[in-house]
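The values are calculated or read from the model by the stated rules, or taken from the named source; none is laboratory data. Here the structure is a predicted model, which is why all the values come from computation and not from measurement. Every residue, glycine as well, gets a Cβ built from its backbone with ideal geometry; the counts of neighbours run over all protein chains shown. Each accessible area value is taken on the protein alone, full model and side chains, heavy atoms only, with ligands, DNA and RNA left out. Shrake-Rupley method; radii C 1.70, N 1.55, O 1.52, S 1.80 Å.
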Amino acid sequence: MKKKTVFTAVMAAVLWTLAACGASKTEENTYRQISTEEAVAMMAEETDYVILDVRTQEEYEAAHIPGAICIPNEMIGDEEIPELPDKERLIMVYCRSGNRSKQASGKLVKLGYTNIVEFGGINSWTGETECMK
């Protein structure tokens, strides 16, 4: 009987420890993914945000979402980004199809940015675009 009680206590402690470890992975360590439709709605509601295009400069110049800034995914590393000084500001990230925007969003989170929203690619964007050429 005593062995059962000790075993139960040990198992309860192990389960509690595992649950606590799992709980440490919070939303703080990640970014949100939304659809382009949700992004359009968010842009209409929010006032203080950055639209970040992580495609190449050439892709950006050919067509981009109005107001977006271009910082290519390949340029986002482990150094501070002067164009994005406020790490708590809403940053809405997109690329061509959604792959680079996911990569860039993950890198931004690792740099300490706390309000990253990834909404896929310009391929599915139905709003207006502008070009620089």
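Looking at the stretch 38-56, I want the residues that are within 17 Å of residue 128 (Cβ to Cβ) and have a partner that is open to solvent by 80 Å² or more (accessible area, probe 1.4 Å) and polar (S, T, N, Q) with Cβ atoms under 9 Å, at least 6 apart or on another chain. Which pairs are those?
Pairs found: 40/126.
So which of 106, 67, 121 ends up being modelled with pLDDT of 95 or more and either open to solvent by 40 Å² or more (accessible area, probe 1.4 Å) or at positive phi (or both)?
67
How many residues are assigned to a helix (DSSP H, G or I) and open to solvent by 30 Å² or more (accessible area, probe 1.4 Å) when one looks only at the stretch 29-41?
Qualifying residue count, the stretch 29-41: 5.
If I filter the stretch 57-72 down to residues being among the aliphatic types (A, V, I, L, M) and part of a loop (DSSP other than H, G, I, E, B), which single residue comes out as nearest to residue 128 (Cα to Cα)?
Only one residue tops the list, namely 65.
Looking only at the stretch 90-103, decide whether some residue is basic (Lys, Arg), touching a residue at least 24 places away in the same chain (Cβ under 8 Å), open to solvent by 30 Å² or more (accessible area, probe 1.4 Å) and assigned to a helix (DSSP H, G or I).
Yes, the stretch 90-103 contains at least one residue that is basic (Lys, Arg), touching a residue at least 24 places away in the same chain (Cβ under 8 Å), open to solvent by 30 Å² or more (accessible area, probe 1.4 Å) and assigned to a helix (DSSP H, G or I).
Considering only residues that are β-branched (Val, Ile, Thr) and at pLDDT 95 or above, look in the stretch 47-64 and name the one that is surrounded by the most Cβ atoms within 10 Å (Cβ to Cβ).
So, considering only residues that are β-branched (Val, Ile, Thr) and at pLDDT 95 or above, the one surrounded by the most Cβ atoms within 10 Å (Cβ to Cβ) is 54.
Take the stretch 73-89 and flag every residue that is open to solvent by less than 100 Å² (accessible area, probe 1.4 Å) and assigned to a loop (DSSP other than H, G, I, E, B).
Residues satisfying the conditions are 76, 77, 81, 84, 86, 87, 89.
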